[in-house]
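The next block holds one structure in the form of structure tokens; read it before the comments.
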Amino acid sequence: MQAKELIRKKREGLEHNPKELATLVDTFLKGELKDYQMAAWLMAVFFKGLSAAEMHTLLQLMWKSGSTLPRRHRNDYWIDKHSTGGQGDKTSIILVPLVTAVLRRLFGPHCARIPMVSGRGLGRTGGTLDKLESVPGFRTDLTLDEAMALLENNDFFMMAQTADFVPADRLLYSLRDATATVDSIPLMACSILSKKLAENVDGLVLDAKLGCGAHLANPEDGRKVARLLVDLARGAGVDTVAIFSRMDEPLGYKVGNHLELEECADFLSGTRRERGLREVVLNLAGLMVMLASRRKLSLQEAIVECEKELEECVCMDVFRQMFESQGGNWHLFEQNRGILRSEMKFYVAKSPYPGYLQSINASEVGQLINELGGGRNAKEDSIDPFVGIEFERKVGDRIEKGQSIATVYYRKLEQEKLIEHRLTNAFTISSSAIAQSPWVLGMVE
Ligand code: URA
């Protein structure tokens, strides 16, 4: 069937057979099917959707479109985690050392491994790779051979997608980004899972964010994506669970690449742990440990093991190892804490009256960081790792008149008006006390 016929078929809402989808993906990868034809097909999918069978086939075609990670030992358990993303979501960087330390203690070294291929920030949401790269020298552009050596020796790595890793997703994602089709639920599900399945994992934990700062603004869509991801991944043989967690307020005390990594270090060392971050981390870590125990541990038992690890702070060693083994200079990163505060301009947002902090709009905060240069609008944009915001108070906290709510770090004096405007929209202060809501809102099991 010709490209034009395939586009017409989807435009009419008809179902493709596996052979048609294979033709579509193969000819696109070879450059025979043109970008404008694929863009038209993607838009047809955006409006007409894909059936369960079509998604299953497209997912298989995508994850097998390039190299996948080879499994050398059959008895080790490979596990990863994916979040749909939001402001201040730094959990992956905490989970890798925390879960590694728990699993080593419970089952011994090399019994479980975390091969983590992560993404960059786009728009108002940050990305794990950008946060990691705020450690001077840290390399995310590992070759697959380098990554496999780290996985063999350290039991984990954190890296970017290579040219040969799920090329179908790389090419399709760029087109979706340019044609406003990123938020098609079936395309998003196939895109996310194609990378996780190419890692060849046995278990996967998903964090579907709900709220104004989440990728999908409508909570019903967020729930649909989570259900779909779990069903599709299980259909491909991966033991998968998902949580829903709040993204109406930024997660943790800090947003911005360097600041978020500071918070990860402070969290693991026990210096400072924000309530929401602790709750989300413990649930995700617990689920990862539960799956890696091959479900011999219950979620509650697994969470207790993770809490023990946080008490003892042993995982700080694994955290440092994570940076050093990929070329990062942790000592310089620690020095940069001071440099950030002396080099950057700062704006302190103060409360105009006494009361309780009722909301911090995550979307406004993400937009602000992006506009100040801490995020990117196109994949090739560079970012300023020092731009960010540090909250002195979070939702539910009591605040007196003139007390500081947050400090914004920025570069240019003329950005002050923008900061004032965004923060006025971001904060709401109420005269009555606010009940603290849970951060984990539910689970797809
Ligand atoms: N992340 C992905 O990897 N793909 C999407 O489509 C959206 C978010």
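The values are calculated or read from the model by the stated rules, or taken from the named source; none is laboratory data. Every value quoted in this text rests on a predicted model; they were computed, and no experiment measured them. Don't worry about glycine lacking a Cβ; one is built from the backbone with ideal geometry, like all the others, and counts go over all protein chains shown. When the accessible area is computed, the model is the full protein with side chains, heavy atoms only, and any ligands, DNA or RNA have been set aside. Shrake-Rupley method; radii C 1.70, N 1.55, O 1.52, S 1.80 Å.
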Ala265 being within 14 Å of the ligand (Cβ to nearest atom), small (Gly, Ala, Ser) and open to solvent by less than 10 Å² (accessible area, probe 1.4 Å): no
Taking Asp155, is it under 26 Å from Leu297 (Cα atoms), within 13 Å of the ligand (Cβ to nearest atom), in the same structural domain as Ala233 (by TED's automatic domain parsing) and open to solvent by less than 20 Å² (accessible area, probe 1.4 Å)? no
Qualifying residues in the range 102-120 (those that are within 16 Å of the ligand (Cβ to nearest atom) and in a loop (DSSP other than H, G, I, E, B)) - the one farthest from Asn370 (Cα to Cα): Gly119
Looking at Glu249, Glu274, which one is surrounded by fewer than 23 Cβ atoms within 10 Å (Cβ to Cβ) and touching a residue at least 40 places away in the same chain (Cβ under 8 Å)? Glu274
Mind listing whichever residues of the range 271-315 are outside any helix (DSSP H, G or I) and more than 17 Å from Ile93 (Cα to Cα)? Ser293, Arg294, Arg295, Lys296, Leu297, Ser298
Failed item in (1) in a loop (DSSP other than H, G, I, E, B); (2) buried (at least 17 other Cβ atoms within 10 Å of the Cβ), with Leu340 passing the rest: (1)
Do we have Asn370 as in contact with a helix residue (DSSP H, G or I) (Cβ under 7 Å, 6 or more places away or on another chain) and among the polar types (S, T, N, Q) here? no
With in contact with a Ser or Thr (Cβ under 8 Å, 6 or more places away or on another chain) and buried (at least 21 other Cβ atoms within 10 Å of the Cβ) as the only criterion, which of Leu210, Leu193, Leu232 stands out? Leu210
Selection count, the range 180-197, where residues are within 9 Å of the ligand (Cβ to nearest atom) and in contact with a Lys or Arg (Cβ under 7 Å, 6 or more places away or on another chain): 2
Can you report the number of residues in the range 66-100 which are within 16 Å of the ligand (Cβ to nearest atom), among the polar types (S, T, N, Q) and not in a loop (DSSP other than H, G, I, E, B)? 3
Mind listing whichever residues of the range 410-445 are hydroxyl-bearing (Ser, Thr, Tyr) and under 28 Å from the mean Cα position of the chain (by Cα)? Tyr410, Thr424, Thr428, Ser437
If I filter the range 121-144 down to residues being part of a loop (DSSP other than H, G, I, E, B) and within 16 Å of the ligand (Cβ to nearest atom), which single residue comes out as modelled with the highest pLDDT? Thr140
Among the residues of the range 165-179 satisfying the criterion of being more than 10 Å from the ligand (Cβ to nearest atom) and not in a helix (DSSP H, G or I), which is most open to solvent (accessible area, probe 1.4 Å)? Thr179
Condition met for Leu216 (farther than 22 Å from Ile94 by Cα and within 13 Å of the ligand (Cβ to nearest atom)): yes
